[in-house]
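The values are calculated or read from the model by the stated rules, or taken from the named source; none is laboratory data. Everything numeric in this text was worked out from a predicted model, so none of it was measured. Virtual Cβ from ideal backbone geometry, glycine too; neighbours counted across all protein chains shown. Side chains included, ligands, DNA and RNA excluded: accessible areas come from the protein's heavy atoms. Shrake-Rupley method; radii C 1.70, N 1.55, O 1.52, S 1.80 Å.
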Amino acid sequence: MPNRYAIANWKMNLPPEGVEKYLGALGDAKGGGALVVAPPFPFLKDVYMQAPKSVGVAAQNCADHQAGAFTGEVSPSMLRYCGARYVILGHSERRNLFREDDALIARKLALAIETGLTPVFCIGEDQNARDRGKQSIVVSDQIKVVAGAVPLTAGEIVVAYEPIWAIGTGRNATGPMVAEMVAEIRAALGRFWPPQFAQNAPVLYGGSVTPENIDDLIGSGNVDGFLVGGASLDSRKFLAIAAVL
Ligand code: PGA
């Protein structure tokens, strides 16, 4: 299992230069971390087929059921069929724009793990919580509420700290801010999740990561990698970020 990650979250975008060219460029990757690409559903198989074999495939979401009358949903086993090894769950855009609550995220997490997918579990406070100094309580609660969904037998779970105020805003958390939150997150994992995850879960940072701020984040952030949105749409920027891992 890799313990350092650069994950490209394309969201509902395509890289401007096109999927095939983007994926081909990933062959030039440097750095010691695993490269993972999370495209929209229709491109999962393209990433699986066209990216270098070392590149992992992630879905951006999954259903909390394996099959049935759930129009518009995609199940974890379907994602596996398309070559996905990872699934992003609990992203703040899912929580806020699509009203996903903790109970739903917990069900998705359990089913994803049962299906053999590695969840990339996203947590993070909003601006209001940060202004009131409540960021540690928010992430600790987010970790606690899904604890029951994490089976003792689970393989790897990746945790991504993504403060909502930093996502897509160009205003990233600084390395020291991230380090403080990573310590809080590891402590909460130790309190609520099976013991092996407190030690071993890679903790990533996401929120306006760019090649320009990566030195500070990797130098003092104490993170195991990055979940990258906007900057990941340009393969050169994504590779520059991955190169520091
Ligand atoms: P951003 O997005 O890098 O564009 O801030 C990160 C994310 O939402 O995962």
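Every residue, every condition in (1) touching a Lys or Arg at 6+ places or on another chain (Cβ under 8 Å); (2) over 23 Å from N3 (Cβ atoms); (3) not small (G, A, S), yes or no:
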{"residue": "S77", "(1), (2), (3)": "no, yes, no"}
{"residue": "S92", "(1), (2), (3)": "no, yes, no"}
{"residue": "E100", "(1), (2), (3)": "yes, yes, yes"}
{"residue": "A106", "(1), (2), (3)": "no, yes, no"}
{"residue": "G116", "(1), (2), (3)": "yes, no, no"}
{"residue": "A129", "(1), (2), (3)": "no, yes, no"}
{"residue": "I137", "(1), (2), (3)": "no, yes, yes"}
{"residue": "D141", "(1), (2), (3)": "no, yes, yes"}
{"residue": "K144", "(1), (2), (3)": "yes, yes, yes"}
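Return a yes/no flag: does the stretch 81-88 have any residue that is more than 14 Å from the ligand (Cβ to nearest atom), surrounded by fewer than 18 Cβ atoms within 10 Å (Cβ to Cβ) and aliphatic (A, V, I, L, M).
No: zero hits.
Anything in the stretch 60-80 that is aliphatic (A, V, I, L, M) and either open to solvent by 20 Å² or more (accessible area, probe 1.4 Å) or not in a loop (DSSP other than H, G, I, E, B) (or both)? List them, or say none.
The answer is A67, A69, V74, M78, L79.
Going residue by residue through the stretch 105-117, is there one that turns out to be part of a strand (DSSP E or B) and either of a type in the set (F, W, Y) or free of Cβ contacts under 8 Å to residues at least 40 places away in the same chain (or both)?
Scanning the stretch 105-117 turns up no residue that is part of a strand (DSSP E or B) and either of a type in the set (F, W, Y) or free of Cβ contacts under 8 Å to residues at least 40 places away in the same chain (or both).
Residue-wise test of (1) out of contact with any helix residue (DSSP H, G or I) (no Cβ under 8 Å at 6 or more places or on another chain); (2) open to solvent by less than 40 Å² (accessible area, probe 1.4 Å); (3) touching a residue at least 12 places away in the same chain (Cβ under 8 Å); (4) not aromatic (F, W, Y).
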{"site": "N9", "(1), (2), (3), (4)": "no, yes, yes, yes"}
{"site": "K21", "(1), (2), (3), (4)": "no, no, yes, yes"}
{"site": "G32", "(1), (2), (3), (4)": "yes, no, yes, yes"}
{"site": "A38", "(1), (2), (3), (4)": "yes, yes, yes, yes"}
{"site": "D46", "(1), (2), (3), (4)": "no, no, yes, yes"}
{"site": "V55", "(1), (2), (3), (4)": "no, yes, yes, yes"}
{"site": "A58", "(1), (2), (3), (4)": "yes, yes, yes, yes"}
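In the stretch 166-213, what count of residues is obtained for those that are of a type outside the set (A, V, I, L, M), in a loop (DSSP other than H, G, I, E, B), without any contact (Cβ under 8 Å) to a residue 60 or more places away in the chain and away from the ligand (no atom under 11 Å from the Cβ)?
5
Can you find even one residue in the stretch 149-165 that is open to solvent by 30 Å² or more (accessible area, probe 1.4 Å), part of a helix (DSSP H, G or I), hydrophobic (A, V, I, L, M, F, W, C) and free of Cβ contacts under 8 Å to residues at least 40 places away in the same chain?
No, the stretch 149-165 contains no residue that is open to solvent by 30 Å² or more (accessible area, probe 1.4 Å), part of a helix (DSSP H, G or I), hydrophobic (A, V, I, L, M, F, W, C) and free of Cβ contacts under 8 Å to residues at least 40 places away in the same chain.
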